[in-house]
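Asks: Okay, handing you the structure first.
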Amino acid sequence: MPERNGMLKLGMVGGGKDAFIGAVHRSAARLDGEFQLVAGAFSSTPEKAIESGRELGVTETRNYPSWEDMLERERRLPADERLDAVSVVTPNHMHYPVSRAFVDAGFNVICDKPLVHTSQQADDLASIVRARGTVFAVTYNYTGYPMVRQARCMVQQGLLGDIRKVIVEYNQDWLANRAEAEGLKQAEWRTDPTRSGIAGAVGDIGSHAENLVSTITGLTLSHICADITTFVNGRLLDDDANVLLRFTSGAKGVLVASQISAGEENDLRIRIYGTRAGLTWIQENPNYLYYKPIGEPEQIYKRGHSYLCPEAKAAQRIPPGHPEAFLEAFANIYRAVAVEIRARQEGREPSPEESDFPSIEAGVRGVRFIESVIASAKSSEKWSAVR
């Protein structure tokens, strides 16, 4: 694959054959013409890694059998030839060693969520990012939706008043049966504690729910009361979680993360209630935001219109009435990372709406949330403090 002038050079670790999320990352990275995939170590198995790279059109000289080989050879290239960013789309257990090694070598990194397995790893990785001064993004992709950013703006503008209550749900049914025993690769590693970590549904989709609350409301968790369950016999990790939330502001909340909810596909939704109004956003119908002021008619904000805030308008590509959804939201993360990388290369500061992506701090917070939920579920105390 010949390199194109002007595009940032992207390498990928993981995400090879049969990997759903790898294909999503590649589509998102190239949607705006900012990145070109030029290198990769696409599997933990050298033969599969090379085969995947060939199918993706990566040149033989940058099609690596392992991420260690990729790191060693890429770091020896001249500055104008080496990768501008590395995308880490491995199972969770490899996020930390791969990300840390590339950051320590001075590479910008885009890492899938959850960030790492433990808060100790998260803190260490964050300290390395700060020390090296690299760009680091965590792909909480739902923050890339224009109407999520509109909701954040409306909360910041005080249109809801003081936030009193937040209800966030993420319901799926793809693990309602023991799919991991039927050879489904995505289920196998997500239900394996050695690869997924200490949590199942809590880590996989509960982390998205937590991030959506934090992104839109800006609230900080103080305490939680968690009830997690493994409904499917033989499964080693949770597949359902119900969590009560308390925030430092005094607001209260409820978080549900379930992968055994029969009939649900990807039902992520959030409701926010303040002293003046409420907001509702539903991921399966993402181009609409419902604003409900007390004593007034409900208002529907629609993607693509000029009345939206600058951050929302910066995240949209096409006119009203043409749906934008998952891939475009994911691509907004990559586009914002590209803006940040180019700005640093040119020695300038990008505008906030241009460089709007979940940072290493969001990833650290997500890891601490996962640990807190699991600890609360095991505790005999009704309420557990959140770090």
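Asks: I'd like the residue in segment 320-337 that is of a type outside the set (A, V, I, L, M) and assigned to a loop (DSSP other than H, G, I, E, B) and, out of all such residues, is surrounded by the fewest Cβ atoms within 10 Å (Cβ to Cβ).
Replies: The qualifying residue surrounded by the fewest Cβ atoms within 10 Å (Cβ to Cβ) is GLY321.
Asks: Taking the condition within 18 Å of the chain's Cα centre (by Cα) and farther than 30 Å from PRO193 by Cβ, does LEU31 pass?
Replies: Yes: the conditions hold for LEU31.
Asks: From the set of residues in segment 210-236 that are assigned to a helix (DSSP H, G or I) and among the polar types (S, T, N, Q), which is farthest from GLY161 (Cα to Cα)?
Replies: Out of the qualifying residues, it is ASN211.
Asks: Taking the condition modelled with pLDDT of 95 or more and part of a strand (DSSP E or B), does VAL148 pass?
Replies: Answer is no for this residue.
Asks: If you don't mind, another one. Out of all the residues in segment 227-234, is one or more closer than 13 Å to TRP383 by Cβ and acidic (Asp, Glu)?
Replies: yes
Asks: Any residue in segment 281-309 that's in the same structural domain as TYR170 (by TED's automatic domain parsing) and on the phi > 0 side of the Ramachandran plot: show its pairings with residues that are surrounded by 11 or more Cβ atoms within 10 Å (Cβ to Cβ) and of a type outside the set (Phe, Trp, Tyr) at Cβ separation under 6 Å, as long as the two are six or more apart or on different chains.
Replies: Filtered contacts from segment 281-309: GLY304/GLN316; GLY304/PRO320.
Asks: Just the residues that are farther than 18 Å from VAL202 by Cα and either under 16 Å from the mean Cα position of the chain (by Cα) or surrounded by 23 or more Cβ atoms within 10 Å (Cβ to Cβ) (or both), please, taken from segment 108-128.
Replies: Across segment 108-128, the qualifying residues are ASN108, VAL109, ILE110, CYS111, LEU125.
Asks: OK, next. Could we say that LEU175 is out of contact with any Phe, Trp or Tyr (no Cβ under 7 Å at 6 or more places or on another chain) and farther than 22 Å from ARG368 by Cβ here?
Replies: yes
Asks: When residues of segment 75-107 are filtered for being of a type in the set (A, V, I, L, M, F, W, C), over 25 Å from PRO193 (Cα atoms) and surrounded by fewer than 21 Cβ atoms within 10 Å (Cβ to Cβ), how many remain?
Replies: Residues that pass the stated criteria total 3.
Asks: If you scan segment 22-45, which residues turn out to be in a loop (DSSP other than H, G, I, E, B) and free of Cβ contacts under 8 Å to residues at least 40 places away in the same chain?
Replies: GLY33, PHE42, SER43, THR45
Asks: Just one of SER207, SER249 is within 25 Å of ARG152 (Cα to Cα), part of a loop (DSSP other than H, G, I, E, B) and not aliphatic (A, V, I, L, M); which is it?
Replies: SER249
The values are calculated or read from the model by the stated rules, or taken from the named source; none is laboratory data. Note that the structure is predicted; figures quoted are calculated from it, not measured. Heads up, the Cβs are rebuilt from the backbone with ideal geometry, glycines too, and the neighbour counts pull from every protein chain shown.
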